[in-house]
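Enquirer: Sharing a structure below in structure tokens format, with a few things to ask.
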Amino acid sequence: EIERGKRQLEQSMEERESLYQEIRHRVKNNLQVVASLLNLQADEADDPVVSELFKNARRRVLAIAFVHEELYSRGSLHSIDLSEYVARLSILIRQTLDPDGSISFALDSDDLHLSVERAVPFALIVNEVLANAYQHAFPDGECRSGEKRTVAFTLKADDAGAIVAEIVDNGCGIPPAENRRRTTLGLTLIDALAAQ
């Protein structure tokens, strides 16, 4: 009886695991469909500002989709590998915001993993900060003319075990807080998500 109960429990666990993987896979696929629809809408928009808004929304959706894809492809239901995730997300951002490769990117990361609950807010923060660096750090080539333009991302664990993400560029810099009172959606998202 005990052995039979144990086998039934193991079978039930396997079925649950398989179902959970299938759900993650479907979520990933659905997010990819939403991203494709946003991309089509961006192409249809006559106004470049509206088109850019759709592209920004697409990048945010893909940042979340990549979390689910990482979980599905690795077979892990509980955490993602941050180094691999950031590397993959940075490729998407560079392809869309720096297609000619004029800005170099460097990633330095410890072997870190993040729980599913924290992975999505983290993914959106990384998306916003990297996109901001690529979009605004080097306006019209004003800064660092002749010098290689760079964006560097560092992921380390501190002494308390907290994950510290640092994104640095050698661009113009952002204006002081008093000069940037008009808060963008990206900065609002970063503040709200960081609180999570």
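Enquirer: What part of the accessible area of the chain, given as a whole %, is carbon or sulfur when the probe is 1.4 angstrom?
Expert: Details: 6250 of 12130 Å².
Percent of accessible area from carbon and sulfur atoms in the chain: 52.
Enquirer: Against the longest alpha carbon principal axis of the chain, how many degrees, from 0 to 90 and to the nearest 10, is the axis of helix 116-136 turned?
Expert: Long axis of 116-136 versus the principal axis of the chain: about 20 degrees.
Enquirer: Which whole-number percent gives the relative contact order of segment 27-165, counting Cα pairs below 8 Å spaced six or more residues apart?
Expert: Working: 157 pairs, mean separation 31.9, N = 139.
Reported relative contact order: 23 percent.
Enquirer: Mind checking the full-extension length gain between L53 and L19? Use 0.36 nm per residue of separation minus the Cα-Cα distance, one decimal, nm.
Expert: 8.7 nm
Enquirer: Along each principal axis of its Cα atoms, how long is the chain end to end? Whole angstroms, biggest number first, please.
Expert: 76, 48, 32
Enquirer: Where only protein heavy atoms count, and the probe is 1.4 Å, what is the accessible area per residue for the chain in Å²?
Expert: Details: 12130 Å² over 196 residues.
Result: 62 Å² per residue.
Enquirer: Which of these, K156, K28, K55, has the largest mean-square fluctuation under a Gaussian network model of the chain (Cα springs below 10 Å)?
Expert: K156
Enquirer: Right, next: Can you compute the helix-only [θ] at 222 nm over the chain? Use -39500 (n - 2.57) per DSSP H run of at least 4 residues, normalise by all residues, nearest 500 deg cm²/dmol. If you can, show how the numbers build up before the last one.
Expert: On the way: 5 runs with 118 residues, N = 196.
So the calculated ellipticity at 222 nm is -21000 deg cm²/dmol.
Enquirer: Which aspartates and glutamates, on any chain, are close to K156 with Cα under 18 Å apart, when same-chain ones fewer than 8 places away are left out?
Expert: Reachable aspartates and glutamates: D81, E84, D108, D110, D111, E166, D169.
Enquirer: In addition: If one takes the longest principal axis of the Cα atoms in the chain, at what angle in degrees, from 0 to 90 and to the nearest 10, does the Cα axis of helix 185-195 lie?
Expert: For 185-195 against the chain, the angle is about 50 degrees.
Enquirer: While we're on this one: Would you please give the residues with an amide H less than 5 Å from that of R149, counting only those at least 5 places away or on a separate chain, with H modeled from the backbone geometry?
Expert: S104
Enquirer: Next up: Report S18's accessible area, 1.4 Å probe, all protein chains in place, as a number in Å² to the nearest 10.
Expert: 70
Enquirer: Quick one: angle between helix 2-44 and the longest Cα principal axis of the chain, in degrees between 0 and 90, rounded to 10, please.
Expert: 20
The values are calculated or read from the model by the stated rules, or taken from the named source; none is laboratory data. Everything quoted here is computed from the prediction, not taken from an experiment. Remember, those area values only see protein heavy atoms, side chains included, never the ligands or the DNA or RNA. Shrake-Rupley method; radii C 1.70, N 1.55, O 1.52, S 1.80 Å.
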